[in-house]
1. May I ask you to list the residues in segment 177-196 that are open to solvent by 40 Å² or more (accessible area, probe 1.4 Å), part of a helix (DSSP H, G or I) and among the aliphatic types (A, V, I, L, M)?
2. Taking the options Thr102, Thr109, name whichever one is assigned to a loop (DSSP other than H, G, I, E, B), within 17 Å of the chain's Cα centre (by Cα) and not acidic (Asp, Glu).
3. Return the pair list, or none, for Cβ contacts closer than 7 Å from residues in segment 75-100 that are on the phi > 0 side of the Ramachandran plot and open to solvent by less than 50 Å² (accessible area, probe 1.4 Å) to residues that are in a loop (DSSP other than H, G, I, E, B) and hydroxyl-bearing (Ser, Thr, Tyr), at least 6 apart or on different chains.
4. Against the condition crowded, with 19+ Cβ neighbours inside 10 Å and over 30 Å from Ile256 (Cα atoms), how does Val68 come out, does it pass?
5. Restricting attention to segment 149-173, and to residues there that are in contact (Cβ under 8 Å) with a residue 40 or more places away in the chain and under 17 Å from Leu119 (Cβ atoms), which single residue is surrounded by the fewest Cβ atoms within 10 Å (Cβ to Cβ)?
6. Take Tyr128 and tell me if it is assigned to a loop (DSSP other than H, G, I, E, B), among the hydroxyl-bearing types (Ser, Thr, Tyr), closer than 21 Å to Ala52 by Cβ and modelled with pLDDT of 95 or more.
7. Give just the number: which of (1) open to solvent by 40 Å² or more (accessible area, probe 1.4 Å); (2) under 19 Å from the mean Cα position of the chain (by Cα) does Asp55 not satisfy?
8. Looking at segment 197-215, which of its residues are open to solvent by less than 50 Å² (accessible area, probe 1.4 Å) and within 23 Å of Leu234 (Cβ to Cβ)?
Amino acid sequence: MYLAFAELLAKQVHTRYPGVGVDALPTEGTVDNLARLRSGDVDMGLALADVAERDRATGPPATAPQAVARVYENYLQVIVRESAAVKQLSELQGMRVSIGATRSGGAATSEVLFEAAGLRGRVDTLTYRLRDALDRLADGSIDALVWSGGVPTPAIADLDAELPLRILDIGPLAIPMSGLSGYPYVVRRVPTCGYVPPGIRSIGVPDLLLCRQGIAADLVAAVVDVLATDARELVPPYVRGLQYLAPPSMIQTGLIPLDPEAVGAYRKLHG
């Protein structure tokens, strides 16, 4: 979802502002993106809000990324084979679970999830990228995977068409997760799709588009303009669920302050 959104954004920014070249770079995810923003290796990057707030609280203030917008909602998804006996998260004790790439936001949030469920140190956690994890789920070398992303996630839906999968309901863990981390996790109803039966609850975490310190003002203004006016062009057609590409919700970035240039761009657009 990160790369799909970034590629759509890059295309739309270049269409609207031909003088601006945008390269969308694949990374491991949130933790990797935050490090690249702090080092100045990239100008903008996507990050899960909970991990971004933790990074801001623990990292040097001088290089702390700032927000451009809240863009959409990720669903924390725990996926098992439909044939598995597992019905709830606690039943994963002693099993092999991929939590995502080491430097991904999903892996960081998974640690909070397992601690809230009383499974810290009681699950054999592995750090595979999504497609590798799905291959291992299919051949039985892992029992479950945790993934933070949109619904449906195409790679998960593709495997589900061949080998039925199922998402676990983790809604009751939102409150204990918030107590452990200090981040206000919220329960979300997951949009029904092939691997999501009706009524399933998950943990929702907003995705933020962040920028590095010292970024060019005109670049921030161009991106805010595109986000605010071309929202329909920026959501992959297969994704359902919440997105925040309207200015009143785009500016709600929690404890990550908006970049001053972004504030100016929003005021110029909407007063």
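The values are calculated or read from the model by the stated rules, or taken from the named source; none is laboratory data. These numbers come from a predicted model, not from an experiment. Here Cβ is always computed from backbone atoms with ideal geometry, including for glycine, and neighbour counts include all displayed protein chains. The protein model used for the area step is the full one, side chains on, heavy atoms only, and it has no ligands, DNA or RNA in it. Shrake-Rupley method; radii C 1.70, N 1.55, O 1.52, S 1.80 Å.
1. Pass one, segment 177-196, residues open to solvent by 40 Å² or more (accessible area, probe 1.4 Å): 179-182, 184, 186-189, 192, 194.
Still in the list and also part of a helix (DSSP H, G or I): 179-181.
Of everything in segment 177-196, just one residue is open to solvent by 40 Å² or more (accessible area, probe 1.4 Å), part of a helix (DSSP H, G or I) and among the aliphatic types (A, V, I, L, M), namely Leu180.
2. Values: Thr109 fails: assigned to a loop (DSSP other than H, G, I, E, B).
Only one candidate qualifies: Thr102.
3. Short answer, once both residue conditions are applied: Gly100/Thr127.
4. Against the criterion (crowded, with 19+ Cβ neighbours inside 10 Å and over 30 Å from Ile256 (Cα atoms)), Val68 does not qualify.
5. Asp169
6. For Tyr128, the condition - assigned to a loop (DSSP other than H, G, I, E, B), among the hydroxyl-bearing types (Ser, Thr, Tyr), closer than 21 Å to Ala52 by Cβ and modelled with pLDDT of 95 or more - is not met.
7. (1)
8. The first filter runs over segment 197-215 and keeps only residues open to solvent by less than 50 Å² (accessible area, probe 1.4 Å), leaving 199-200, 202-211, 215.
Passing the criteria: Ser202, Gly204, Val205, Pro206, Asp207, Leu208, Leu209, Leu210, Cys211, Ile215.
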